[in-house]
Structures are given as C-alpha cells and as structure tokens.
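Report on the structure given below.
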C-alpha cells in the first residue's frame, strides 16, 4: 500500500516542520524534557503598558518574550465565547446612561459598558436574546443555518491555506464554542439554570442546532484536510467547581459532543490520525476534568486558574497523559520577582521533566501586572525553551 506523508493522508515528515511546529508536536506527544512551547493566553495590559512607554502590541510582546504561537492552523467560523452566528446582530447603542452606555452586541445581548470603551474590564450583561422557544427561533436559530451561502465566503482560500500548512506539519485545529458557553451566551447564566428544568426542549433544540451547524461545516473542511484537534471554549466552571451538575452535563451536553467527535473520526482522510480534544474552562476545573476525560476522551485542558485551587504540577502527576496549558497565577505576576521565581521554580522543573505542558498566565494578563514582571516570568519560561 502506498504511503502518503502530505499531512493529510499521512503525517508530514518532521524535516518539513519549522521549529515551532516540532516543539508543539512534541508537546502534544507529552515528550519528557522536550523544549517548552512559548505562548501567552492573552493580554488586558495594552493601555497601561502603552502609557508607560513599554512594548504593548502583540507583535512587540511576542518579539520581546520570543513567543512561538506558530505550529497551528485554526479553522474557525463556529463561535468562541458566543454562537457562530451568520449574520451577527447589529452592534448599536441602545441607551445612554451618563458614564455608561447600554449596547446591543454582535451576539444579541444587551451589555453595559463604560462609555466609549469595550475592552480591558468585565462588562455587565443586562439581557440575552433567548427567553423561550419563540425568541430562540425568531432571534437566533436562523442565524445558525449551515447552508447560508455567506458561510462559504473565503472557503476556497481557507482550504488552500489549510492544505499547505497541513503539509508543513501544522496542527489543524477546529475551534467551536462549547455547549455550556453557547447556551449561556444565548440565555444568560442565571436564566439558563432555570431553563434546564422549566423548558428543556428549548435547550435541546439549541444544542441540536449547535451540532448540525458544526457537523456540516466541519464535514466540508474534512473533504480537504485531516483534523488534528477539536477545541471547545466551554467556561463551565467558577471558583468552586462546575456551574451545572454532572447529570446536566451528561444529559444536555455530552450526547452532542459524542456525536460530533464520532463523526469527525469517521470522516478523517487519515483514519489512523489521533483526534485531540481540548476543553477550555476557567475556574476550578478539577471536578469536571475526569468527566470530560473518562467519558469523552479529552486529551488537553486549559487554563487551570490558580485562584480557584488548580495546581498544574499536581494535575500533571494525577493525569500523566493529559496535555496542560496555563497554571501561572496572575496574582503572583502582579507582586514581585521573588514571588514570581518561587512560583516558576515550583512549576517549570517538574512540568518540563513531565512534558506536555505550555506555561501561560491562567487567563489574559491583567493590567495590574507590570511589563517588567511579565517579561521576567517569560524569561524564566525561556530557560526551558
């Protein structure tokens, strides 16, 4: 049988990969003592660092800290923190409230912002577009149509790029808004908890629509490439654990995850390729970790918020076959170099010996963190690059 090494019908040869891709592939293979991939989760510091005269654009920060952030080719279009609407809602100011303004955002939510500002703080979500079956159908469901021709705009170029990068060994990753985060963006975190009990048919219709959109679009991509990773932005935890029970997860989320994961695997051009499954959730994730891992085959979790009680060293010991990203305490980064060194001396030697770890701030770097402190922490990471 002829063997193909084009990154689609078979793995791309290692010699065709750039350094970032090789390091990332070794991370996914949980290779002990492999160089640590250099990545940051995100930044909320741009305004402060700019005022202080420090590097502040992502390009400047990536250069200063020698961040990798290569090695991936990401297939999007299916949401991240909100539903993958086409078209989005019109963004418009609904009401002037002096120092604040009530805005309709692209996800159809009414959001209270500081006047003229959209980033760098947590806004207040005042209202959400789905209240019942009628508002779901009228406001949102039609925006999830996989056959909307606008979804295919730029498709040929996207696939051309995906095929090329797969041939260079890049990890082809499909990003999708996770079921809980998607439902929360439609209904709101408090009303969602009632709706699971009071109107479960709306939840099921929302999730079936989520599944049909994702499955049909991913099937189109899979005609051209083999997918390496399925990533969901879930945010299902708060500082003490999951926002919904395991019973609810198994009833309202997991059946749809199983279907889409099974379908992706069945359609793969390279049938031997392992499909990595990553779950991103803030908060205390250690209670839900075994649910996603044991029941759905999750391989990768992020970002392990330390303030909620997560310790990547302990998680790495308990789950030696789990890829881990995150676990650098944002609060410690705001202190001083001594505290940063103590934290990094706890994390880096152990996780480097283990492999399969990418250090990042446990969420976007907050503005309380000075540029000098952030760069010191990133230089500590570079000791293992």
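The values are calculated or read from the model by the stated rules, or taken from the named source; none is laboratory data. Not measured: the values here are computed from a predicted model. Note: ideal-geometry Cβ built from the backbone for every residue, glycine included; neighbour counts use all protein chains shown.
Just one of the listed residues (156, 161, 145, 127) is under 21 Å from residue 193 (Cα atoms) and either assigned by TED's automatic domain parsing to the domain that holds residue 48 or touching a residue at least 60 places away in the same chain (Cβ under 8 Å) (or both), and it is 127.
Conditions (1) in contact with a helix residue (DSSP H, G or I) (Cβ under 9 Å, 6 or more places away or on another chain); (2) assigned to a helix (DSSP H, G or I); (3) surrounded by 16 or more Cβ atoms within 10 Å (Cβ to Cβ), marked per residue:
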site	(1), (2), (3)
4	no, no, no
20	no, yes, yes
24	no, yes, yes
32	yes, no, no
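For the range 25-54, filtering for residues that are at positive phi and under 20 Å from the mean Cα position of the chain (by Cα) leaves 2.
Within the range 269-285, at least one residue is in contact (Cβ under 8 Å) with a residue 60 or more places away in the chain, in the same structural domain as residue 38 (by TED's automatic domain parsing) and more than 22 Å from residue 27 (Cβ to Cβ).
Within the range 83-90, is even one residue crowded, with 18+ Cβ neighbours inside 10 Å, assigned by TED's automatic domain parsing to the domain that holds residue 182, in contact (Cβ under 8 Å) with a residue 24 or more places away in the chain and on the phi > 0 side of the Ramachandran plot? Checking the range 83-90: not a single residue is crowded, with 18+ Cβ neighbours inside 10 Å, assigned by TED's automatic domain parsing to the domain that holds residue 182, in contact (Cβ under 8 Å) with a residue 24 or more places away in the chain and on the phi > 0 side of the Ramachandran plot. Residues in the range 302-322 that are in contact with a helix residue (DSSP H, G or I) (Cβ under 6 Å, 6 or more places away or on another chain) and closer than 19 Å to residue 232 by Cβ: 304 only. For the range 346-373, filtering for residues that are buried (at least 22 other Cβ atoms within 10 Å of the Cβ) and more than 26 Å from residue 24 (Cα to Cα) leaves 1. Would you say residue 54 is in a loop (DSSP other than H, G, I, E, B), within 30 Å of residue 122 (Cβ to Cβ) and out of contact with any strand residue (DSSP E or B) (no Cβ under 7 Å at 6 or more places or on another chain)? For residue 54, the condition - in a loop (DSSP other than H, G, I, E, B), within 30 Å of residue 122 (Cβ to Cβ) and out of contact with any strand residue (DSSP E or B) (no Cβ under 7 Å at 6 or more places or on another chain) - is met. The condition (being out of contact with any helix residue (DSSP H, G or I) (no Cβ under 8 Å at 6 or more places or on another chain), in the same structural domain as residue 316 (by TED's automatic domain parsing), modelled with pLDDT of 95 or more and under 27 Å from residue 217 (Cα atoms)) is satisfied by just one residue among 266, 247: 266.
Exactly one residue out of 135, 57 is in the same structural domain as residue 223 (by TED's automatic domain parsing) and surrounded by fewer than 15 Cβ atoms within 10 Å (Cβ to Cβ): that is 57.
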